[in-house]
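Colleague: Let me give you the structure first, and then I'll get to my questions.
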Amino acid sequence: MNINMTRCTLGDSRKLQEIGYETFKETFEDQNSPENMKAYLKEAFNINQVENELSNPLSHFFLVSFNDEVAGYLKVNIGDAQTEEMDGDTLEIERIYIINKFQKLGLGKYLFNKAMDIAIEQNKKKIWLGVWEKNKNAISFYKRLGFTQTGAHSFYMGDEEQRDLIMVKKL
């Protein structure tokens, strides 16, 4: 088993777009209308959006490979790049995306550990994230890592309002 991680650059924008699109669709397509899924994917994973996110110096992306095949990625945000207004002592995990065929191999934990390392290097006191309330696998994963629910916020999938749980882990 060979796991490798690399920090993303603008040259990785197409690969991030493909992985984001594929993993989001695999995970949520069955629970959302085709119209809302199409609208969200078009908005969130168009190449301009991906390049804008990659260009933000307060956001950090990392690709993870398993046996030399790209398997997913991590996106973390600090400061004003966070999707919710938080204290200056926080780091947001915005995405841990693992392609379905690579799940259950420890890659999510591997990416989480990278987020932890960044938080410690940046002297953060908490890591937080938002997770869809119907994504039971992810919620269980984050609870096993020591996250607790502290709130919720609205998330829009196309024109449908959904609810993300806000989960926090103190360092």
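The values are calculated or read from the model by the stated rules, or taken from the named source; none is laboratory data. What you see is a predicted model; the values in this text were computed from it and never measured. Reconstructed Cβ throughout: ideal geometry from the backbone, glycine too, with neighbour counts over all protein chains shown. For the accessible areas, the whole protein counts, side chains as well, though only heavy atoms, and no ligand, DNA or RNA atoms are used. Shrake-Rupley method; radii C 1.70, N 1.55, O 1.52, S 1.80 Å.
Colleague: Please work out which residue is modelled with the highest pLDDT, limiting yourself to region 158-171 and to residues that are part of a strand (DSSP E or B) and touching a helix residue (DSSP H, G or I) at 6+ places or on another chain (Cβ under 6 Å).
Modeller: Out of the qualifying residues, it is Met167.
Colleague: Ok, one more. Would you be able to tell me the number of residues in region 1-48 that are open to solvent by 40 Å² or more (accessible area, probe 1.4 Å) and among the β-branched types (Val, Ile, Thr)?
Modeller: Count: 4.
Colleague: Go through (1) of a type outside the set (Phe, Trp, Tyr); (2) touching a helix residue (DSSP H, G or I) at 6+ places or on another chain (Cβ under 9 Å); (3) open to solvent by 20 Å² or more (accessible area, probe 1.4 Å) for Lys104 and report which single condition fails.
Modeller: Here Lys104 meets the rest and fails (2).
A quick yes/no check of all residues on (1) touching an Asp or Glu at 6+ places or on another chain (Cβ under 6 Å); (2) without any contact (Cβ under 8 Å) to a residue 12 or more places away in the chain; (3) polar (S, T, N, Q):
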residue	(1), (2), (3)
Glu18	no, yes, no
Glu22	no, no, no
Asp30	no, yes, no
Lys38	no, no, no
Leu41	no, no, no
Asn77	yes, no, yes
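Colleague: In region 123-137, how many residues are within 19 Å of Thr27 (Cβ to Cβ), in contact (Cβ under 8 Å) with a residue 40 or more places away in the chain and not in a strand (DSSP E or B)?
Modeller: Result for region 123-137: 2.
Colleague: Another one. Could you check, for region 126-133, whether at least one of its residues is touching a helix residue (DSSP H, G or I) at 6+ places or on another chain (Cβ under 7 Å) and open to solvent by 20 Å² or more (accessible area, probe 1.4 Å)?
Modeller: No, region 126-133 contains no residue that is touching a helix residue (DSSP H, G or I) at 6+ places or on another chain (Cβ under 7 Å) and open to solvent by 20 Å² or more (accessible area, probe 1.4 Å).
Condition check ((1) in a strand (DSSP E or B); (2) open to solvent by less than 20 Å² (accessible area, probe 1.4 Å); (3) under 20 Å from Phe61 (Cα atoms); (4) modelled with pLDDT of 95 or more) across all residues:
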{"position": "Ile118", "(1), (2), (3), (4)": "no, yes, yes, yes"}
{"position": "Ile139", "(1), (2), (3), (4)": "no, yes, no, yes"}
{"position": "Gly146", "(1), (2), (3), (4)": "no, no, no, yes"}
{"position": "Tyr156", "(1), (2), (3), (4)": "yes, no, no, no"}
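Colleague: OK, next. All but one of (1) modelled with pLDDT of 95 or more; (2) crowded, with 18+ Cβ neighbours inside 10 Å hold for Ser55, so report the exception by its number.
Modeller: So Ser55 meets the others, but not (2).
Colleague: Taking the condition of being open to solvent by 20 Å² or more (accessible area, probe 1.4 Å) and in contact with a Leu (Cβ under 7 Å, 6 or more places away or on another chain), how many residues in region 158-171 meet it?
Modeller: Of the residues in region 158-171, 1 are open to solvent by 20 Å² or more (accessible area, probe 1.4 Å) and in contact with a Leu (Cβ under 7 Å, 6 or more places away or on another chain).
Colleague: Which one is surrounded by the fewest Cβ atoms within 10 Å (Cβ to Cβ) among residues in region 70-92 that are closer than 27 Å to Phe102 by Cβ and among the small types (Gly, Ala, Ser)?
Modeller: Among residues in region 70-92 that are closer than 27 Å to Phe102 by Cβ and among the small types (Gly, Ala, Ser), the one surrounded by the fewest Cβ atoms within 10 Å (Cβ to Cβ) is Ala81.
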